[in-house]
Amino acid sequence: MQSKSLSQSVGILQRLPKSWRKELQFFAFISPWLLGFIAFSGGPIIASAVISFTDWNILSTPKFVGLANYQRLVNDPLVWKALGNTIYYTIGSVILMTVASLLTAILLNQELRGVRFFRTLYFLPSVTSGVAIAILFAWMYNPEFGIINYMLYKIGIVGPNWLFDEFWAMPAIIFMSLWTIGSNMMIILAGLQDIPQSLVEAARLDGANWWQEFRYVTIPMLSPVLFLVIITSTINSFQVFLQPYVMTEGGPGNATLVLVLYLYQNAFLWWKMGYGAAIAWILAVIILILTLIQFRLAGYWVYYEGERRS
Amino acid sequence: MSANAAGTKKKVGSILKRVGLYVLLIAGALLFTLPFLWMLSTSLKPEIEVFRFPPQWIPRPPKWSNYVEALTILPFDLFFRNTLTITVNNVIGNLVSCSLVAFGFARLESRFSNVLFILLLSTMMVPYQVTIIPMFVLFHRLGWVDTFKPLMVPPWLGYPFFIFILRQFFMTIPLELDDAARIDGCSTWRIYWNIILPLAKPALTTVAVLGFLGNWNDFMGPLIYISSQEKYTLAIGLTLFRGQYMSNIAYLMAASVATVMPVIIIFFFAQRYFIEGMTLTGLKG
């Protein structure tokens, strides 16, 4: 019985026009993503916009409040504080990470025996990011018994209270990002290896010293890669959450309260779903604008091969 | 003779340059490994030695029992198993679902293929924070909060970035292979299973490695969805530990070492895939 109905339905499938059968097959293969898109991506994006117009603690019935959440957001000093802190973290960590990954990439690009071993070693911290590392750094920053202040003491500097100090808490979290530059370093290294050797040789023949070679050959040839690294690090840094959550809980005195942390607190500690969703949208819009601005700026200083700088 | 002297000078210069570069490389290596060494060192110290100034690098004698004690105070074996269960399920889920979808986009003809692929790419640009609140609401409605389901079901429904990686790789496999197989009477399924998948092992490994890393280190997911202690993963287990045994840093470091070790071990075995994969992630933005 069953096999008969099965063969019947197969028969029906075979009688469909060929183009239909192809479409059917295509949709069968991509169906996991289609479902996922509806349930976990496209659907939630729309739902999130709707929720941001409501006052809702998840248990009550959502109350439509129009733009009230966004109005409150503009007048909420903590939102501005969190935004300022996020920008501070982003600028600090992106500059440090880009410079550090450029320098290490240049170092790792030298033709030396054993350089591959160092590459692995430098990359290693990047795979271990997570809670354990945040806890480890909190311990390293311990003002009295931590290794960082001990080393500063060795060179005659009295270290600050780091995570317990309103001024130093954010720099401490920024410095930590230097440890996980692995992927940026590898992207830049790949970029360095793509620079045609003939250009470098030509510069040397013309008597360029190492600085001129760096400034007029390496940097221009590397600019698309650097640009890419800066964009992606900016976007990633803007979403920082784990380090402040684990190491300082946003303190002291909200000195490390960042946007995603404030979003998390509103939505999942105080159950303000509507307000949380509104913060999420502000974050999304900022990230989009950042991407666009950076693409605009790119035109001014990025040198692409086969193009002339104007 | 002067030419000879110049040659010697050049040689000395190049040796000096080499020495200088090695000094820099080793200094860098120290900076990158120092936190690990400090973590190991602290994890083996008796409690009194942890709070001693100046700190000692080598604990004498090393207190190995810290590990046993730290990992039994809280049920870390359970957290370990939970993390492993979630990670293994999610890696398999990602491999199955993403390779199917990627095959559809890379090898099958459809009028909607391009439009849908652009839709997929555009969802990669929306930051995940936008969807966490509605997803929580959805899982809350389904009664899935405080179960593993919110963490373990989504990977079976594709992850756009992995689909993208696999699709790009599948595109590099010559289409003639499919045509030849079809002439020999191969079904689409067998082309996927017997031709494309075996050829795509490097890309699949990259996806597996990235999935492993992402899930092992995932913090936000378990933090939001898991509340009972017996369902904790290592990541949130560690924060619980930190809250309860704040003063016992040695235990805390021992537990951290135990959390990080599996990743480091797997990294040394599959280095190439880690580096390739994470470089791709960097490119994603």
Amide H neighbours of A:Thr54 under 5 Å, at least 5 residues apart or on other chains, H built in the peptide plane: list them. A:Val65
Could you compute the FRET efficiency for A:Leu269 and A:Val200, with r as their C-beta to C-beta distance and R0 at 56 Å, rounded to 0.05? 0.50
Relative to the compact globular guide of 2.2 N^0.38 Å, what is the alpha carbon radius of gyration of chain A, as a ratio? 1.35
Here the range A:189-282 gives, from Cα atoms, an Rg and Dmax in Å of 22.3, 67
To the nearest 0.05, the calculated FRET efficiency linking B:Ile15 and B:Arg60 through their beta-carbon distance, R0 being 51 Å, is 0.80
Per-residue Cβ counts within 10 Å, from other chains only, averaged over B:113-126: what number is that? 3
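Assuming R0 = 56 Å, what is the FRET efficiency of B:Leu37 and A:Arg15, from their Cβ-Cβ distance, to the nearest 0.05? Working shown, then result.
Working: r = 70 Å, r/R0 = 1.26.
Step by step, r from the Cβ atoms, then E = 0.20.
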Under DSSP H, which helices of chain A have Cα atoms covering 24 Å or more of the helix axis and a Kyte-Doolittle average no less than 0.5? A:18-40, A:77-108, A:219-238, A:273-301
Using a 10 Å cut-off on Cβ to Cβ distances, tally the other chain neighbours for every residue of B:42-51 and report the average as a whole number. 1
For chain A, what's the relative contact order in percent, using C-alpha pairs closer than 8 Å and at least 6 residues apart? 26 percent
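Sorted by mean Cβ packing within 10 Å, highest first, what order do the peptides A:78-91, B:257-270 take? The partial results should precede the final answer.
Numbers: A:78-91: 18.5, B:257-270: 16.8.
Packing order, densest peptide first, comes out as A:78-91, B:257-270.
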Kirkwood-based shape ratio for the range B:45-177, expressed as Rg/Rh from alpha carbons: 1.21
Straight-line reach check, B:Lys231, cutoff 20 Å on alpha carbons, 8 or more apart in-chain or any other chain, hits among lysines -> B:Lys149
Considering the Cα trace of the protein assembly as shown, what is its radius of gyration and what is Dmax, both in angstroms? 26.9, 101
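Any idea what diffusion coefficient the range B:154-285 gets from Stokes-Einstein, in µm²/s, Kirkwood Rh on alpha carbon pairs, 10 °C, 1.306 mPa s? Don't skip to the answer; put the middle values down first.
Working: Rh = 17.9 Å.
Reported coefficient: 89 µm²/s.
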Span-like helices, chain B: DSSP H, alpha-carbon axial extent 18 Å or more, mean Kyte-Doolittle -1.0 or greater, which ones? B:2-43, B:76-107, B:113-125, B:129-141, B:201-217, B:249-269, B:271-284
Could you name the lysines whose alpha carbon sits less than 26 Å from that of A:Lys63, not counting residues in the same chain fewer than 8 places away? A:Lys272
For A:Ser60 and A:Leu103, calculate 0.36 nm times their separation in residues minus their Cα-Cα distance, and state this gained length in nm to one decimal. 10.0 nm
Which aspartates and glutamates, on any chain, are close to B:Lys201 with Cα under 18 Å apart, when same-chain ones fewer than 8 places away are left out? B:Asp178, B:Glu276
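Please give the peptides A:113-124, A:140-151 ranked by average Cβ packing (other Cβ atoms within 10 Å per residue), highest first, as a rough proxy for protection. Before the final figure, lay out the partial values.
Values: A:113-124: 16.3, A:140-151: 18.8.
Final packing ranking: A:140-151, A:113-124.
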For peptide A:242-248, compute the average count of partner chain beta-carbon atoms within 10 Å of each residue's beta-carbon. 2
Treat every Asp and Glu Cβ in the protein assembly as shown as -1 and every Lys and Arg Cβ as +1, leave all other atoms uncharged, and give the resulting dipole magnitude about the Cα centre to the nearest 20 debye. 820 debye
The Cα extents of the range A:81-161 along the principal axes, largest first and rounded to whole Å, are 43, 36, 27
Return, for the Cα atoms of the range B:2-64, the radius of gyration and Dmax in Å, separated by a comma. 21.2, 67
Expressed to two decimals, chain B has a Cα Rg over Rh, using the Kirkwood radius, of 1.11
Once you keep just the Cα pairs under 8 angstrom separated by 6 or more residues, what percentage relative contact order results for chain B? 31 percent
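We did not get these values from a lab; they are worked out from the coordinates using the rules stated. Because the structure is a prediction, the values reported are computed rather than measured. Positions of Cβ are generated from backbone atoms using ideal geometry, with glycine treated the same way; all protein chains shown enter the neighbour counts.
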